[in-house]
1. Report relative contact order for chain A in percent, whole number only (criteria: Cα-Cα under 8 Å, sequence separation at least 6).
2. Work through the residues other than A:Ala191 whose Cβ is under 12 Å from its Cβ and net out their charges, Lys, Arg +1 and Asp, Glu -1.
3. Sorted by packing (mean other beta-carbon atoms within 10 Å per residue), highest first, where do B:150-156, B:116-122, B:161-167, A:209-215 land?
4. Classify the range A:2-217 as rounded, prolate or oblate from the Cα gyration tensor: take a ≥ b ≥ c as the square roots of its eigenvalues, call it rounded if a/c is under 1.5, otherwise prolate when a/b beats b/c and oblate if not.
5. Between B:Ala125 and A:Gln84, what is the spin-label point distance in nm, taking each point 7 Å from the Cα along the Cα→C-beta axis?
6. Between 0 and 90 degrees, rounded to the nearest ten: what's the tilt of helix A:144-157 against the longest Cα principal axis of chain A?
7. In nm, to one decimal, how far is the B:Leu257 label point from the B:Asp80 one, both placed 7 Å along Cα→Cβ?
8. Within 10 Å of each Cβ in B:97-108, how many Cβ atoms from other chains are there, averaged over the peptide?
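Since every read-out is calculated from the coordinates, none of them should be taken as a lab result. Model, not experiment: these values are computed from the prediction. Positions of Cβ are generated from backbone atoms using ideal geometry, with glycine treated the same way; all protein chains shown enter the neighbour counts.
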Amino acid sequence: MRLLIVAGPPSAGKTAVVRQLLRQFAGRCRAAYLKIDVVQAFEDEELAAEFGIPARKVYSGDLCPDHTGIMVLADALAWAAEEQADLLIVESAGLCLRCTPYTTQSLGIVVLPAISGTNAPLKMAPMIAFADVAVVTKTDLVSQAEKEVFREAIRRVTPGIDLIETNAVEGTGLRYLFRAVEACPAIDDPASIVLRGAPPLGVCTICAGKKEIGWRHHFGVVRTLEAADEFYRGD
Amino acid sequence: MEHIRIEKITVLPGTAKNGSPEPFDELVIRAGDTISIVGPTGSGKSALINDIEVFAQQDTVTGRTVLVNGEAPPERICRDPANKPIAMIAQTSKCLADLRAGQFLGMHCAARGLDPGQTVKETIALANEFTGEAIREEMRMTALSGGQTRSLMIADALLVSNTPIILLDEIENAGIFKDRVMARLREFDRAVLFVTHDPFVALLSDRRIVMRNGAVVDVLEPGGAEADALGEVAAVDARLHTIRERIRAGELLTGGL
């Protein structure tokens, strides 16, 4: 199974990019989809209805959504395996721009709208710097010169990033993203997956830098995929 | 900066809005061509130049394919602005970048692999030939008017992007001095595609692409056949220009013209 982790600020077009991926790989891959959000999300129901794929969501409630994603990811991989998926797409809530939800053995995709301010990439630097691919959406709403200036702003955060510009609703230019997904190796050992970067220091084991995925490796406030709507205090 | 040498850009047909195939074999754009694109609003004129700008590979709403020198465009000209042979000035006359004009041009120079040095100053000076109210380096991009933004983008296309092909969406719209823009474009000897509703701009072009319902329905090559019409339209346009400038200057046009 391949793992794609899609992050980016709210309304950047993350789900529009996911839709294009599902359209492109329909028939060639069996995809599963997990949306992580804070209080409300509809993407799972929409994508399940549109593409007939197993899809679910998890609400983080009081917990940081990116931390929730890390907590439930091992369970999610097991769920996707049960569903016989060979592509798991995890979409972040896109609220904490400091966190980097990308793990090893995955393709990390950051989605950024071209209509963001020129300094926006610097403000979200960690989310961009640890990604493999930056997809710049809504390029149809800005001039070519602005698009090129925004690209330069991203390259100032991370010069070598694979940068793909698109109007994600139409899918323009996404051939380069499809190629990156095809080139992404499958997970070879789920138990050894860890976060690529350390999230900010805080009050939980993940904040403090423990990178293992799955609630079994953490203590304090932990959460399982099945009991996601209540606090669970671990074993 | 070295651009890949562009002999020609070829547009292969896609589909009209009703799904029927477009009735042409191919459109070829060569160095030095001036082409206008005409048709009612909503007929797909902007979509056509947008296809060229993004090097469409059946991945836009029109389903068209764009080739460079007869082949699929090489990746580096699609993805790296420093190698991109096309500059497009869209109808958007607002710039969202929270930068000063000088910083914006400086960053665009960096994206295009240029030393900003003199280029920023020259670009602003050229833009100020096209607009009635001068742009200064320290002005915020978001505070520029529609006409100032458009003027700056055209100057940027000529001096910063410095590409062999320029796509212009309705230059007549933003109240800039279009005659000066046309004169400069000729001087710089670029292939230019104008999306236009302006008779003078349309008649000045060597070829005219006619669009309807999302499709290219005709390509006219008038040769010299429209010379008389062009002369008359030029005179009408010059007269209108004088009247427009008098109105802009705050005159009352009493007692006829």
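1. 24 percent
2. Summing Lys and Arg as +1 and Asp and Glu as -1 gives -2.
3. Order by mean packing, descending: B:150-156, B:161-167, A:209-215, B:116-122.
4. Oblate, since a/c reaches 1.5 and b/c is not below a/b.
5. If labels sit at B:Ala125 and A:Gln84, their model points lie 7.1 nm apart.
6. That helix lies at roughly 40 degrees to the long axis.
7. Modelled inter-label distance: 5.2 nm.
8. Other-chain Cβ atoms within 10 Å of each residue's Cβ, averaged: 4.
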